[in-house]
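Undergrad: My questions will all concern the structure given below.
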Amino acid sequence: MSYCVVEAESLPSYLTSTGSLTRAFKTVCRGFHIEQKCLRRNAPFYTRECLLLDNGRPLVWARSFLFSTHNETIATFCQLGNQSLGEQLLFASERRTTKEAIKGMEPIKGTLVRSPYSFFEVDGADPELQVAMDGGASPTVNYGRSSQFTWSHHDSVLFLSEVFSPYAEAVLS
């Protein structure tokens with residue numbers, strides 16, 4: 001896949017948001033869903049590719065690489081299927097923290113750290129991207145971002161890359 005790194009200042013604001021991408025799409029897309037395309041297991045490395053879709057139209061192609069020996073994290077990652085990586089694994093502690101706060105319990109904080117994003121442009125005519133996006137890539141340029149998540153209470157590291165279709169830009173702008 002052909003890509004080139006770009007600076008954040010030249011990108012649309014939706015790309016620089018650090019919140020849950022799934023939540024953002026669910027607020028504006030009535031037909032939002034996730035389709036897992038593949039899951040590879042080769043302990044301690046695990047790879048997942050999926051498409052985020054709106055009524056079958058590709059929004060984002062995401063590829064995540066997990067390096068872990070933490071059984072709970074591995075099980076959650078490998079059992080995601082068509083569920084959101086962010087909601088089930090990466091931002092799950094936010095839900096737990098809210099529930100604990102309601103019950104008056106001390107919330108768990110600081111267990112997951114996300115690196116700053118790296119941004120890139122992808123040649124939308126690239127055959128690999130066209131296949132990955134089910135033909136939803138732009139023939140000119142698609143924007144992408146990548147980041148790394150590390151857990152402070154166990155040995156897991158997750159690398160996440162996301163390539164946005166032009167339709168995603170139209171929906172989120």
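The values are calculated or read from the model by the stated rules, or taken from the named source; none is laboratory data. The structure displayed is predicted, hence computed values, not measured ones. Cβ coordinates were reconstructed from backbone atoms using ideal geometry, including for glycine residues, and neighbour counts include every protein chain displayed.
Undergrad: What pairs come out if I take residues in the stretch 23-51 that are outside any helix (DSSP H, G or I) and pair them with residues that are of a type in the set (V, I, T) and surrounded by 14 or more Cβ atoms within 10 Å (Cβ to Cβ) whose C-beta lies under 7 Å away, six or more apart or interchain?
TA: Close Cβ pairs satisfying both conditions: C29/V171; R40/T47; Y46/I74; C50/I34.
Undergrad: Moving to a separate point now. Where residues in the stretch 119-149 are within 19 Å of L21 (Cβ to Cβ) and in contact with a Gly (Cβ under 6 Å, 6 or more places away or on another chain), which of them is modelled with the highest pLDDT?
TA: The selected residue is F120.
Undergrad: While we're on this one: What is the residue count in the stretch 37-66 for residues that are surrounded by 15 or more Cβ atoms within 10 Å (Cβ to Cβ) and not charged (D, E, K, R)?
TA: 15
Undergrad: Are there strands (runs of 3 or more DSSP E) fully within the stretch 109-160 with at least 3 residues that are of a type in the set (S, T, Y), under 16 Å from the mean Cα position of the chain (by Cα) and under 16 Å from V5 (Cα atoms)? List them.
TA: Passing ranges, in order: 141-151.
Undergrad: Filter the stretch 1-22 down to the residues that are assigned to a strand (DSSP E or B) and either out of contact with any strand residue (DSSP E or B) (no Cβ under 6 Å at 6 or more places or on another chain) or surrounded by 15 or more Cβ atoms within 10 Å (Cβ to Cβ) (or both) and list them by number.
TA: Passing the criteria: Y3, V6.
Undergrad: Can you name every residue in the stretch 29-56 that is small (G, A, S) and over 22 Å from V131 (Cβ atoms)?
TA: Once the filter is applied, which keeps residues that are small (G, A, S) and over 22 Å from V131 (Cβ atoms), the stretch 29-56 yields G31, A43.
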